[in-house]
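See structure below.
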There are 2 protein chains.
Amino acid sequence: MGRVKLQIKRIENNTNRQVTYSKRRNGLMKKAFEISVLCEVDVGLLMFSPSGRVSVFAGNNKR
Amino acid sequence: MGRVKLQIKRIENNTNRQVTYSKRRNGLMKKAFEISVLCEVDVGLLMFSPSGRVSVFAGNNKR
DNA sequence: CAAACTATCTATAACGC
DNA sequence: TGCGTTATAGATAGTTT
C-alpha cells in the first residue's frame with residue numbers, strides 16, 4: 001500500500017522503521033481483532049519491538 | 001474491503017464464515033511476516049479455528 | 001517530533017467457473 | 001466445495017502541517 005510498492009526487507013532507516021512498526025502494529029492488531037469477531041476464533045498475537053516493548057492482542061470467542 | 005462494507009460482527013452463515021476465516025488467516029499471517037522482516041521484530045501469531053485446527057506463525061529477526 | 005493527510009497499493013467480499 | 005476473478009473497501013508510504 002502507500003505511495004510506492006515496498007520491498008519486503010529490513011527498513012534500514014531507524015526512524016522510518018520505527019514509524020512503520022507503529023503503523024503496521026496497529027493494522028495487524030485490528031486485523032487480529034476482526035478475524036476473532038467475524039469468524040469466532042481464538043487469536044493470540046505477540047510482538048516484541050527492538051526497544052523491548054511488547055504488544056499483545058488476545059481475542060477469544062467466549063466473551 | 002471487498003464489494004461491500006463489512007460490519008465487524010460474527011458471520012452467521014457457516015460456510016461463509018469458514019471461507020472468510022481461510023482468506024483472512026492467510027492475510028494475517030502474511031502481514032505478520034512482513035512486519036517481522038520490515039521492522040526486524042519478533043512476532044508470534046496463534047489462531048485456533050472452531051474446528052480445532054491451530055495456525056501458527058513465528059517470525060524472528062535472528063534468522 | 002508527532003499527528004494528519006492523501007495518493008496509491010493491498011486485501012478481500014461477492015461473484016463466476 | 002473449492003479456486004480464480006473483479007470491484008471496492010481498507011491499509012499504509014511518503015508528504016504535509
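The values are calculated or read from the model by the stated rules, or taken from the named source; none is laboratory data. As the structure is a prediction and not an experimental result, all values here were calculated from the model. Virtual Cβ from ideal backbone geometry, glycine too; neighbours counted across all protein chains shown. Remember, those area values only see protein heavy atoms, side chains included, never the ligands or the DNA or RNA. Shrake-Rupley method; radii C 1.70, N 1.55, O 1.52, S 1.80 Å.
Structure values in brief
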{"quantity": "Residue list for the stretch B:8-62, restricted to those being more than 27 Å from A:Ile11 (Cβ to Cβ), more than 8 Å from chain A (Cβ to nearest Cβ), within 16 Å of DNA strand C (Cβ to nearest atom) and not in a helix (DSSP H, G or I)", "calculated": "B:Glu12, B:Asn13"}
{"quantity": "Residue check for A:Lys5: of a type in the set (Lys, Arg), assigned to a helix (DSSP H, G or I) and open to solvent by 80 Å² or more (accessible area, probe 1.4 Å)", "calculated": "no"}
{"quantity": "The stretch A:17-49: number of residues that are under 14 Å from B:Val43 (Cα atoms) and open to solvent by less than 20 Å² (accessible area, probe 1.4 Å)", "calculated": "7"}
{"quantity": "Filter result for B:Phe33 (among the aromatic types (Phe, Trp, Tyr), within 13 Å of DNA strand D (Cβ to nearest atom) and closer than 23 Å to A:Gly52 by Cα)", "calculated": "yes"}
{"quantity": "Near pairs, Cβ below 9 angstrom, 6+ apart or cross-chain, from the stretch B:8-26 (closer than 18 Å to A:Phe33 by Cβ) to any residue that is surrounded by 13 or more Cβ atoms within 10 Å (Cβ to Cβ) and among the small types (Gly, Ala, Ser)", "calculated": "B:Tyr21/B:Ser49; B:Arg25/B:Ser49; B:Arg25/B:Ser55"}
{"quantity": "Restricting the stretch B:1-23 to residues that are more than 7 Å from DNA strand D (Cβ to nearest atom) and basic (Lys, Arg), the residue that is nearest to B:Ser49 (Cα to Cα)", "calculated": "B:Arg17"}
